[in-house]
Amino acid sequence: MKLFIYHTPELTPTDRIPDCAIAVDVLRATTTMATVLAAGGEAIQVFSDLDKLLQVSEKWAADKRLRAGERGGGKVEGFDLGNSPLDCTKERVAGRRLFISTTNGTRALQCIQSAPTVLAAAFVNRAAAVQYVLSQQPEIVWIVGSGWEGSYSLEDTACAGAIAHSLLQKTNLPLEELAGNDEVVGAIALYEQWQDKLVELFHQASHGKRLLRLDCHEDIKYCAQMDILDALPIQTEPGVLKISDQ
Ligand code: 3SL
């Protein structure tokens, strides 16, 4: 297995595809997606364009869909939800499909959607993602951070490092054999330094600060929890993710 980490969709190669690609948007899109499926959501369907989301979701029965729209950290007017995982309770999401568009996370998923296996991971379901990768043994794995509008995000790289760190431990591969690019070595070092103080790390991160300004303190605490969910969103058709049954 060779692992490559790309910090943003913009830094991700467009001339090749890996066997398995993992999108990470810790704050908050991939955390929300895992939470929705863990709470019994039927599926997640991602869109970069809000109008397209409205058009496609219109064809679903109103009681079987939820529309989530986030821009700049806030809820888009007229949508059922923004992008807070804490709003995704069982009562609200069970049996429904979440149609979602966010500033960066949904773009990260779209840039890897032609890979044969596409997963959505965050700290909350890190162990489930690692376990799935180990069970499939893909030759080439990419982890793609969502970043913020083209720039680097500390929390996504730390989560990529957490996945890489666990793969390293569980495969017993030497670092130089697992790491396909320098970003893997850097991400593992970042994770090792902050693993016991993820909330503090999020407070240092520019998007963490943006969410704090929007009073999302509880979201930050929730997103910093490690390995609390078994739910792993896996793409079943382009742009649609369901729970993995492994
Ligand atoms: O950028 C994104 O996709 C979002 O996750 C951002 S936010 O956390 O909802 O503000």
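With closer than 27 Å to residue 47 by Cβ, within 14 Å of the ligand (Cβ to nearest atom) and over 15 Å from the mean Cα position of the chain (by Cα) as the only criterion, which of 114, 151 stands out? Working first, answer last.
Working: 114 fails: within 14 Å of the ligand (Cβ to nearest atom).
After ruling out the rest, the residue left standing is 151.
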| query | Within region 226-246, which residues are modelled with pLDDT of 95 or more and acidic (Asp, Glu)? | reply | 227, 230, 237
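Find the residue count for region 1-40, including only residues that are outside any strand (DSSP E or B), closer than 17 Å to residue 181 by Cα and open to solvent by 40 Å² or more (accessible area, probe 1.4 Å).
Of the residues in region 1-40, the ones outside any strand (DSSP E or B) are 1, 7-19, 25-40.
Next, only the ones that are closer than 17 Å to residue 181 by Cα stay: 1, 7-19.
Still in the list and also open to solvent by 40 Å² or more (accessible area, probe 1.4 Å): 1, 10-11, 14-17, 19.
Looking only at that region, the number is 8.
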| query | So which residues in region 129-185 are assigned to a strand (DSSP E or B) and either within 23 Å of residue 220 (Cβ to Cβ) or open to solvent by less than 30 Å² (accessible area, probe 1.4 Å) (or both)? | reply | 141, 142, 143, 144, 145, 148, 151, 179
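The values are calculated or read from the model by the stated rules, or taken from the named source; none is laboratory data. Quick caveat, the model's predicted, so the values are computed rather than measured. Using ideal geometry, Cβ is built from the backbone for each residue, glycine included, and neighbour counts are taken over all protein chains shown. The accessibility values were calculated without ligands, DNA or RNA, using every heavy atom of the protein model including side chains. Shrake-Rupley method; radii C 1.70, N 1.55, O 1.52, S 1.80 Å.
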